[in-house]
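The values are calculated or read from the model by the stated rules, or taken from the named source; none is laboratory data. Since the model is a prediction, treat every value here as computed from it, not as a measurement. Note that each Cβ is placed from the backbone with ideal geometry, even for glycine, and that neighbours are counted across all protein chains shown. These area figures cover heavy atoms from the full protein model, side chains too; ligands, DNA and RNA do not enter into them. Shrake-Rupley method; radii C 1.70, N 1.55, O 1.52, S 1.80 Å.
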Amino acid sequence: MPDAVQADASSLPFRSAIFDGITCGYALRNFTDSRRPSTEMARVTRGGGRLSLLEVSEPRSGLWRAGFRFWFRRVVPFIGSLVSDRAAYQYLPRSTAYLPSPDEIVRMLNSAGFSAVNHRRIMGGLSQQFIATRSR
C-alpha cells in the first residue's frame, strides 16, 4: 500500500475491512452529507477496529461561547487572511453550518456500523471527539 493516498472520502480506494483504525480531524464539517464518508470509514475498518474523529465545537456557557464566536468568526479569518489564503479562512467559520449535531453524528456512526460511540467535548468545549468501535 502506498504511504499516502489522495482520495474522495465518500468513495475510498481501499478493500473492505483493511484498517485497524481510522482517525480524522476537522473534516466532517467539509461535507454537505456526512453519511457517505461515515459509511466508507466503517466499510474499510475491520470488525473491532477503532475510529476517532476530532471536530470543532462551540462552548456551552454564555460568555465563553460569545468569546469563541467572536474569535472564530472574526479574529481567525482576519489573522488567516494576513498570513495565508483569505478565502480559506473566511470559509472556515461558515463550514461549521454543515456539521451535524453531536447526537446526529452518534446516530450516523451507529447506522454506518460503529458501536460504543462515545462523544466528549474537549479543550473547554472548543473541540469535540467521537470514539467508536467497528461492529463485528
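Key figures for this structure:
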| read-out | value |
| --- | --- |
| For segment 2-136: accessible area per residue (Å², 1.4 Å) | 60 |
| Residue (of 126, 47, 102) at the positive-pole extreme of segment 5-133, dipole from beta-carbon charges | 126 |
| Extension gain from residue 135 to residue 6, taking 0.36 nm per residue of separation minus the Cα-Cα distance | 43.8 nm |
| The chain: angle of helix 102-112 to the longest principal axis, Cα-based, in degrees nearest 10 | 20 |
| Dipole of the chain, positive direction: furthest Cα of 62, 5, 27, with charges on the beta-carbon | 62 |
| Nearest 10 degrees, 0 to 90: helix 86-95 Cα axis against the chain principal axis | 70 |
| Rounded to 5, the percent of DSSP beta bridges in segment 1-130 classed as antiparallel | 55 |
| Interchain or long-range residues, amide H under 5 Å from residue 48's placed H | 134, 135, 136 |
| Segment 10-21 - phi-based ³J(HN,Hα) in whole Hz, Karplus 6.51/-1.76/1.60, Gly and Pro as x | 8, 7, 6, x, 10, 5, 5, 6, 9, 9, 7, x |
| Cβ charges +1 (Lys, Arg) and -1 (Asp, Glu), total dipole of segment 19-136, debye | 140 |
| Portion, in percent, of the accessible area of segment 20-136 that falls on carbon or sulfur, probe 1.4 Å | 54 |
| Cα gyration tensor shape for segment 47-136, rounded if a/c is under 1.5, else prolate or oblate | prolate |
| Vicinal HN-Hα couplings computed from phi for segment 22-32 (Karplus, 6.51 cos²θ - 1.76 cosθ + 1.60; Hz; Gly/Pro x) | 9, 10, 8, x, 6, 10, 4, 5, 8, 10, 6 |
| Cα centroid separation, segment 95-118 to segment 1-56 (Å) | 13 |
| Per-residue [θ]222 nm for the chain (sum of -39500 (n - 2.57) over DSSP H runs n ≥ 4, rounded to 500) | -10000 deg cm²/dmol |
